[in-house]
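Okay, handing you the structure first.
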């Protein structure tokens with residue numbers, strides 16, 4: 001038995017992730033070699049954007065944040081504070097020579113369980129939260145939906161046993177109506193037969209106030225939602241707001257790319273890849289791959305995949321403005337991302 005969760009693009013933490021990645025993408029549009037590490041923090045009418053950037057170009061971080069906040073679906077006014085400075089030269093001297101931008105451990109995973117090569121529950125729970133957004137934006141019968149929301153799925157013996165959906169909503173709609181509409185339009189289409197499945201919708205009984213009005217948000221606070229739902233280990237490093245010299249992000253993408261290709265090639269039904277770095281050093285301290293039942297796949301991994309930071313950036317072409325699309329509904333299992341390609 002296990003449980004996984006996802007959140008909508010309007011969840012406060014995800015708003016911050018998207019703002020950080022939108023700023024990153026704007027820098028990369030102007031300067032593909034920009035060094036960017038941007039964090040965002042939102043709380044009750046306040047948004048703070050800070051970080052370290054090395055680039056010959058400037059961007060309007062406050063304007064990017066305001067525009068994206070409106071696009072996500074919020075209409076309240078934010079007080080905006082920005083504090084973006086140049087990257088530390090102590091870090092830069094190691095990265096300039098092709099070394100890793102930080103120490104750390106990164107993991108990647110793939111399984112034959114779904115066409116996306118993701119755990120089934122993770123694939124399903126993202127469909128629930130993305131479905132909430134699609135209903136809000138596109139279904140004329142759901143104008144009462146707000147941007148904020150969450151979903152959760154509990155599995156037991158390979159079957160869905162419980163589904164939880166929490167959605168921000170207008171004051172004017174009743175909870176029984178919300179549950180009926182979402183069960184019909186969202187939960188049943190995603191999950192299928194609901195016989196024997198416990199369905200929970202807005203279990204607190206009300207979810208009118210959402211976003212930064214209800215809760216704080218912070219870049220990098222949904223790392224399990226971003227990856228594999230806690231199904232495998234996580235090194236602790238977040239992704240959003242960081243350019244590809246930060247191995248927290250790029251090495252995790254490469255580990256997913258390697259794991260997916262190992263599984264797609266038939267070497268294993270599932271694969272976990274782990275890699276570790278020292279700051280400023282190009283060669284990883286550890287590269288390891290393991291299949292089901294502890295099968296060691298490290299030989300194939302090291303033969304086919306180069307985990308030096310510069311090699312990762314080149315192979316996956318990571319100096320492009322492609323990161324905003326990763327900042328909600330998971331970084332893996334999506335079409336059109338270079339680490340999802342089967343070579």
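Which ones in the stretch 43-84 are under 20 Å from residue 8 (Cβ atoms), in contact (Cβ under 8 Å) with a residue 40 or more places away in the chain and part of a loop (DSSP other than H, G, I, E, B)?
44, 73, 74, 76, 78
Which ones in the stretch 240-273 are part of a loop (DSSP other than H, G, I, E, B) and either surrounded by 24 or more Cβ atoms within 10 Å (Cβ to Cβ) or in contact with a strand residue (DSSP E or B) (Cβ under 9 Å, 6 or more places away or on another chain) (or both)?
Filtering the stretch 240-273 for residues part of a loop (DSSP other than H, G, I, E, B) gives 240-241, 243-246, 265-269.
Residues satisfying the conditions are 240, 241, 243, 244, 245, 246, 267, 268, 269.
Then there is this: Which residues, counting only those in the stretch 151-177, are surrounded by 15 or more Cβ atoms within 10 Å (Cβ to Cβ) and over 27 Å from the mean Cα position of the chain (by Cα)?
Within the stretch 151-177, 173, 175 meet the criteria.
Residues checked against (1) under 19 Å from residue 209 (Cβ atoms); (2) assigned to a strand (DSSP E or B); (3) assigned by TED's automatic domain parsing to the domain that holds residue 285:
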| residue | (1), (2), (3) |
| --- | --- |
| 128 | no, no, no |
| 131 | no, no, no |
| 135 | no, no, no |
| 147 | yes, yes, no |
| 152 | no, yes, no |
| 155 | no, yes, no |
| 165 | yes, yes, no |
| 176 | no, no, no |
| 180 | no, no, no |
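Follow-up. If the Cβ limit is 7 Å and pairs must be 6+ apart or interchain, which residue in the stretch 278-291 that is at positive phi and in the same structural domain as residue 310 (by TED's automatic domain parsing) pairs with which residue that is buried (at least 16 other Cβ atoms within 10 Å of the Cβ) and assigned to a strand (DSSP E or B)?
Once the first residue is at positive phi and in the same structural domain as residue 310 (by TED's automatic domain parsing) and sits in the stretch 278-291, its partners that are buried (at least 16 other Cβ atoms within 10 Å of the Cβ) and assigned to a strand (DSSP E or B) give 280/100.
A further question on this structure: Could you please give the count of residues in the stretch 89-106 that are touching a strand residue (DSSP E or B) at 6+ places or on another chain (Cβ under 9 Å), modelled with pLDDT under 70 and within 26 Å of residue 41 (Cα to Cα)?
2
Which one is modelled with the lowest pLDDT, of the residues in the stretch 274-311 that are within 21 Å of residue 246 (Cα to Cα) and in a strand (DSSP E or B)?
That would be 279.
Follow-up. Show the residue pairs that are 6+ apart or on different chains and have beta-carbon atoms under 6 Å apart, the first residue being within the stretch 137-152 and more than 17 Å from residue 9 (Cβ to Cβ), the second being outside any strand (DSSP E or B).
144/170; 144/173
Would you say residue 325 is over 15 Å from the mean Cα position of the chain (by Cα) and assigned to a helix (DSSP H, G or I)?
no
Okay, moving on. List the number of the failed condition for residue 225; all other conditions in (1) part of a helix (DSSP H, G or I); (2) closer than 16 Å to residue 160 by Cβ; (3) within 25 Å of the chain's Cα centre (by Cα) hold.
(2) is the only condition that residue 225 fails.
Scan the stretch 1-27 for residues that are in a helix (DSSP H, G or I) and over 19 Å from the mean Cα position of the chain (by Cα) and jot them down. Don't jump to the end; show me each part of the working.
Step one: filter the stretch 1-27 for residues in a helix (DSSP H, G or I), giving 12-27.
Of everything in the stretch 1-27, just one residue is in a helix (DSSP H, G or I) and over 19 Å from the mean Cα position of the chain (by Cα), namely 27.
Can you give me the number of residues within the stretch 205-220 that are surrounded by 17 or more Cβ atoms within 10 Å (Cβ to Cβ) and part of a loop (DSSP other than H, G, I, E, B)?
Of the residues in the stretch 205-220, 4 are surrounded by 17 or more Cβ atoms within 10 Å (Cβ to Cβ) and part of a loop (DSSP other than H, G, I, E, B).
The values are calculated or read from the model by the stated rules, or taken from the named source; none is laboratory data. What you are looking at is a predicted structure, and each value in this text was computed from that prediction instead of being measured. A quick note on method: Cβ atoms are made from the backbone with ideal geometry, for glycine too, and the neighbour counts reach across all protein chains shown.
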